[in-house]
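Notes follow the structure.
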Amino acid sequence: MKKIVIFGAIILALFAAIAFTTSYQQQQKAEGNPFKKEKLHPATIEQLDDPNYQNIILPDELEKKLKNKETVTVYFYSSTCPHCKKTTPIVVPLAKEMGIDLKMFNLLEFEDGWDKYKIEGTPTIVHYVNGKEVKRIDGYREEAVFRDWFQSIQ
């Protein structure tokens with residue numbers, strides 16, 4: 001009986017050590033992140049070094065641009081969304097190629113954006129002119145569809 005208790009305690013200690021190490025590593029990776037948050041979802045942490053997820057816009061920045069009646073194109077995505085993971089490698093390089101400054105808004109980290117910007121699903125790209133929404137596209141599409149959509153907003 002003592003062996004089972006000792007064995008159980010060792011296993012429990014190992015799991016606790018693994019959990020602590022994982023949490024510590026994620027905290028270290030998240031330090032100084034562009035989202036300006038202390039704690040990030042693990043899926044967001046995985047994307048921090050991905051070149052396709054670098055043009056981040058924070059909620060305050062987006063709100064300021066819209067309030068100042070600026071023109072801005074925003075890609076609303078979630079770090080855990082499988083459709084976003086397929087769409088991002090298409091739209092980010094395409095926008096760059098076409099000279100469009102595509103801002104990235106992470107709805108997993110800033111959940112208020114779902115209601116505030118009337119996002120029903122991800123991915124969603126919204127084009128604002130003079131601070132007002134003029135066009136949107138949502139869901140996974142072929143590159144040609146996104147190219148046509150980007151051309152229509154230029």
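The values are calculated or read from the model by the stated rules, or taken from the named source; none is laboratory data. Keep in mind it's a predicted model, so treat the numbers as computed, not measured. Neighbour counts run over all protein chains shown; Cβ positions are idealised from the backbone, glycine included. With ligands, DNA and RNA removed, areas are computed over all heavy atoms of the protein, side chains included. Shrake-Rupley method; radii C 1.70, N 1.55, O 1.52, S 1.80 Å.
For the reader, a short list of remarks on this structure follows.
- Residue within the stretch 61-73 that is assigned to a helix (DSSP H, G or I), in contact (Cβ under 8 Å) with a residue 40 or more places away in the chain and of a type in the set (S, T, N, Q) present: no
- Entry remark, the stretch 32-77: residues being of a type in the set (Gly, Ala, Ser) and exposed (fewer than 13 other Cβ atoms within 10 Å of the Cβ) number 1 in total.
- Of the residues making up the stretch 135-148, those that are closer than 19 Å to Gly99 by Cα and touching a residue at least 40 places away in the same chain (Cβ under 8 Å) are Glu143, Phe146, Arg147.
- Taken over the stretch 118-134, residues that are closer than 20 Å to Glu61 by Cα and either open to solvent by 20 Å² or more (accessible area, probe 1.4 Å) or without any contact (Cβ under 8 Å) to a residue 24 or more places away in the chain (or both) amount to 6.
Residues checked against (1) within 20 Å of Tyr53 (Cβ to Cβ); (2) among the polar types (S, T, N, Q):
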residue: Thr80; (1), (2): yes, yes
residue: Leu102; (1), (2): yes, no
residue: Phe105; (1), (2): yes, no
residue: Tyr117; (1), (2): yes, no
residue: Thr122; (1), (2): yes, yes
residue: Val129; (1), (2): no, no
residue: Asp138; (1), (2): yes, no
residue: Trp149; (1), (2): no, no
residue: Ser152; (1), (2): no, yes
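- Residues of the stretch 138-147 that turn out to be surrounded by 12 or more Cβ atoms within 10 Å (Cβ to Cβ) and out of contact with any helix residue (DSSP H, G or I) (no Cβ under 7 Å at 6 or more places or on another chain), as a count: 3
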